[in-house]
Structures are given as structure tokens and as C-alpha cells.
Amino acid sequence: MADAISVSGPISGTDRSISFEAGKLAQLADGAVVARIGDTILLATATAARSVREGTDFFPLTSTSRARLRRRQDPRVVLPS
């Protein structure tokens, strides 16, 4: 297994930085990257078939997203997590 790769750098015009990590999560996927800016984290994965399916004249694409919101400042506000 290859070592994990991590790259980060500042975002121009702000005091924030962005980082990308590959090779740590979702190792069974053909490609996976974790992107981070502050408390926001995004996991992007991709898989592919090893061969072309004959008779397919379109590119099937599936997207799944899951938002998790948490608010710790006000205990009266309950958000789904």
C-alpha cells in the first residue's frame, strides 16, 4: 500500500488554509480525497469498472451527499446530526 499524501496551502485573501489528503480513507475506492477548510470536511470518492460495457451510450453518474449540522453555542436549538 502506498503512503498517504497530504498537501495544504493558504487561501489568498483570507486567513484560512485548505488541505487535501489522499490514501488514508476509502482505500477500496479507485480514488478518494479528503478536503478540509476550517471545520468543514469533504470526502470525495470515485470508482470505475475495469472494462467498458458494450451497448452503453451514456455515462451513468451517481451522487450522494449528507449534511451534518451541529450547533454547540445554543443548547435550545437542535439540528439533525
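List of remarks:
- Amide H contacts of Ile18: Gly9, Ile11, each under 5 Å away and 5 or more positions distant or on a separate chain (H built 1.01 Å from N in the peptide plane; Pro and chain starts excluded).
- Peptides 6-14, 50-58, 21-29, 34-42 ordered by average Cβ neighbours within 10 Å, highest first: 21-29, 34-42, 6-14, 50-58
- In order along segment 59-67, phi translates into HN-Hα couplings of 10, x, 9, 10, 10, 10, 10, 9, 9 Hz, rounded to whole numbers, per the Karplus curve 6.51 cos²θ - 1.76 cosθ + 1.60 with θ = phi - 60° and x for Gly and Pro.
- Inter-label distance, nm, simple model (7 Å from Cα along the C-beta direction), Ala22/Ser65: 2.3 nm
Read-outs: derived from the displayed coordinates by stated rules, not from any lab. This one's a predicted model, so the numbers in the text were calculated from it and none came from an experiment. When we count neighbours, we look across all protein chains shown, and the Cβ atoms used for this are built from the backbone with ideal geometry, even at glycine.
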